[in-house]
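Report on the structure given below.
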Amino acid sequence: MNSISQRAMRAWVGLGPRFLPFADAASAGVPLSRLLRLSLVQVSVGMSLVLMVGTLNRVMIVELGISAALVATMIALPVLFAPFRVLIGQSSDTHVSVLGWKRVPFLFNGTMVQFGGLALMPFALLVLSGGGAAKDYPVWIGQAAAALSFLLVGAGVHTTQTVALALATDLTRDDRRPKVVGLMYVMLLVGTIASALTFGYLLEEFTPGRLIQVIQGTAVVTIVLNGIALWKQEGLKRMTAAELAAPQPRFRHSFGRYMQGKAARRRLVAVGLGTMAFGMQDVLLEPYGGEILGLSVADTTKLTAALAGGGLIGFAAASHVLSRGADAFAIAGLGTLVGILGFAGVIAAAPAGSPMLFAAGVIVIGAGGGLFGHGTLTAAMNHAPEGQAGLALGAWGAIQATAAGLGIALGGILRDVAMSMGALEGLGAARGYMIVYATEIVLLLATFAAMSSLFRRAGNQSSRG
């Protein structure tokens with residue numbers, strides 16, 4: 001029996017490099033099990049994103065009757081912390097401690113901030129609901145508490161995600177680093193799908209009390225997963241007094257080195273524009289399904305899993321072609337075209353009254369976003385200066401998160417403005433959503449134009465930056 005178990009285990013491990021994207025990033029010194037353990041940080045990030053962008057925005061807009069503009073602004077608040085991802089990445093690159101740890105202190109602090117935001121969130125929702133004694137307090141107290149909880153969760157997510165990706169690159173050889181980062185993002189999508197399906201199941205019979213239990217459980221699971229993820233990832237290395245006192249590179253110098261040349265600016269602009277195009281619909285996805293197509297809370301939460309599933313398909317497809325030498329910017333440009341097709345399907349779902357068409361459009365949007373995200377991430381890693389993996393990932397993440405937050409806020413505001421315009425009443429109850437989706441198509445066309453310029457020039461660039 002023991003020999004049979006050993007053979008089964010060897011066969012299972014052997015399937016990894018064949019079917020799990022980026023599984024070949026592992027090595028003898030850094031086995032796949034260690035990388036997968038580190039990727040639990042990404043799973044906790046996915047849980048928080050599903051909770052904020054998926055479940056809670058639907059509940060606050062539909063069940064609590066809060067305006068989409070206010071909810072979108074709350075969800076976009078973490079964008080205020082996003083620019084600091086560059087500083088966090090650079091700081092973790094150069095951090096000096098007595099124990100020799102660089103990344104672990106940042107991972108621990110980010111985890112505690114993320115936990116604090118999740119712990120505060122249930123009380124904020126209780127006040128927002130106006131139930132019980134909460135009706136005796138001003139509405140702004142609940143709104144301020146909810147905003148603070150969203151901001152704390154966002155700050156924790158930005159910190160842990162940036163530093164975990166940088167730590168993953170530290171653990172592997174240069175030629176395997178893009179594959180390792182890709183593996184981490186695949187696990188983010190897996191975590192997003194799993195948590196969306198779990199939340200959908202738990203909220204099948206929706207009650208405010210059940211929602212609070214889900215949020216509290218997410219806070220506890222976040223601590224557990226991140227604790228397992230960072231355990232023994234960095235070895236102890238006693239630092240001498242001279243090493244501790246040695247001057248460290250200043251942020252301005254490090255960032256200036258990274259931004260040398262016009263190509264770096266063009267890359268970041270393209271990332272920001274495309275991310276905003278894909279992100280405007282995030283806050284409207286579940287309300288659209290609930291308000292226009294009559295889907296339940298559980299069904300619309302599962303749509304988030306469908307979006308992540310499409311992203312996983314796009315990411316796996318990008319991995320396949322990029323490993324064979326395809327141009328990263330061309331793949332990102334292809335992602336924008338796929339996204340346009342998906343948004344067209346979502347727009348057509350309202351007049352057709354078809355939840356199936358809506359779901360198919362969501363999956364296609366996810367696939368386009370996966371192609372776009374993988375392509376831009378690979379390009380960012382390929383052009384990172386030596387010793388600046390954290391800064392490169394921080395810059396990419398800062399632009400992406402900032403653009404996504406702005407896109408979410410703009411999507412909610414644009415939807416409310418369009419709904420209030422009498423001239424658009426002919427489009428029906430879905431007019432606000434349709435205007436947002438049409439705007440995203442226009443932005444994706446502009447992104448494709450920017451991407452085509454980059455991949456036309458890529459073959460002529462022989463130096464980084």
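Suppose the filter is at pLDDT 75 or above, crowded, with 24+ Cβ neighbours inside 10 Å and more than 20 Å from Leu49 (Cα to Cα); does Gly310 pass it?
No, not satisfied.
Can you give me the number of residues within segment 255-284 that are among the aliphatic types (A, V, I, L, M), modelled with pLDDT under 75 and either more than 20 Å from Thr402 (Cβ to Cβ) or open to solvent by less than 20 Å² (accessible area, probe 1.4 Å) (or both)?
Total meeting the criteria: 3.
Which residue, of Pro287, Pro351, is open to solvent by 20 Å² or more (accessible area, probe 1.4 Å), part of a helix (DSSP H, G or I) and out of contact with any Gly (no Cβ under 6 Å at 6 or more places or on another chain)?
Exactly one residue qualifies, and that residue is Pro351.
Report yes if some residue within segment 74-83 is surrounded by fewer than 22 Cβ atoms within 10 Å (Cβ to Cβ), over 26 Å from Lys179 (Cβ atoms) and aromatic (Phe, Trp, Tyr); otherwise report no.
no
Condition first: touching a Ser or Thr at 6+ places or on another chain (Cβ under 8 Å), within 29 Å of Val71 (Cα to Cα) and modelled with pLDDT under 80. Can you find one or more residues in segment 378-393 that meet it?
Checked segment 378-393: at least one residue is touching a Ser or Thr at 6+ places or on another chain (Cβ under 8 Å), within 29 Å of Val71 (Cα to Cα) and modelled with pLDDT under 80.
State which residue pairs qualify: first residue at pLDDT below 90 and inside segment 109-126, second residue open to solvent by 20 Å² or more (accessible area, probe 1.4 Å) and β-branched (Val, Ile, Thr) in any location, beta carbons under 6 Å apart, and separation of 6 or more residues or different chains.
Pro122/Ile212
State yes or no: is Ala330 over 20 Å from Gly279 (Cα atoms) and either open to solvent by less than 10 Å² (accessible area, probe 1.4 Å) or in contact (Cβ under 8 Å) with a residue 12 or more places away in the chain (or both)?
The answer is yes for Ala330.
In this structure, is Thr222 open to solvent by less than 10 Å² (accessible area, probe 1.4 Å), modelled with pLDDT of 85 or more, within 19 Å of Ala164 (Cα to Cα) and in a helix (DSSP H, G or I)?
So Thr222 passes the test.
Looking at segment 193-210 only, could you name the residues that are surrounded by fewer than 17 Cβ atoms within 10 Å (Cβ to Cβ), within 25 Å of Ile363 (Cα to Cα) and of a type in the set (Ser, Thr, Tyr)?
Matches in segment 193-210: Tyr201 only.
The values are calculated or read from the model by the stated rules, or taken from the named source; none is laboratory data. In this text, all values refer to a predicted model and were calculated from it rather than measured experimentally. All Cβ positions, glycine included, derive from the backbone under ideal geometry; neighbour counts span all protein chains shown. Please note that ligands, DNA and RNA were not included when accessible areas were found on the heavy atoms of the full protein model with its side chains. Shrake-Rupley method; radii C 1.70, N 1.55, O 1.52, S 1.80 Å.
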